[in-house]
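These notes are about the structure you will find just below.
The values are calculated or read from the model by the stated rules, or taken from the named source; none is laboratory data. These numbers come from a predicted model, not from an experiment. Ideal geometry is used to build each Cβ from the backbone, glycine not excepted, and the neighbour counts take in all protein chains shown.
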Amino acid sequence: MKKKKVGVVCPQCKKEFNYYDSDFRPFCSERCKQIDLGHWLEESYNIPSGEPLQEEDFDKIEQEELKKDS
Ligand SMILES: [Zn+2]
């Protein structure tokens, strides 16, 4: 079977890789995925530690992300 090849750029390390070769899409590797997750957690969104995330919190985070992108 012919494997599809789609060149994408890893959002973490900016390296180009084959989308279908990675188990950690959209990242090229587990490491990049972990790094990104770490950044996400470091940028505390003023959520009190120890408190489980509520659905409203996710909405808030999404809003913040949208603001950042624009
Ligand atoms: Zn990467």
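Results, tabulated for the structure shown:
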read-out: The range 26-69, residues that are modelled with pLDDT of 85 or more and of a type in the set (Gly, Ala, Ser); value: 29
read-out: Among (1) more than 13 Å from the ligand (Cβ to nearest atom); (2) of a type in the set (Asp, Glu); (3) modelled with pLDDT of 90 or more - the single one residue 23 does not satisfy; value: (1)
read-out: Subset of the range 2-20 [more than 12 Å from the ligand (Cβ to nearest atom), in contact with a strand residue (DSSP E or B) (Cβ under 7 Å, 6 or more places away or on another chain) and either part of a loop (DSSP other than H, G, I, E, B) or under 19 Å from residue 37 (Cβ atoms) (or both)]; value: 5, 6
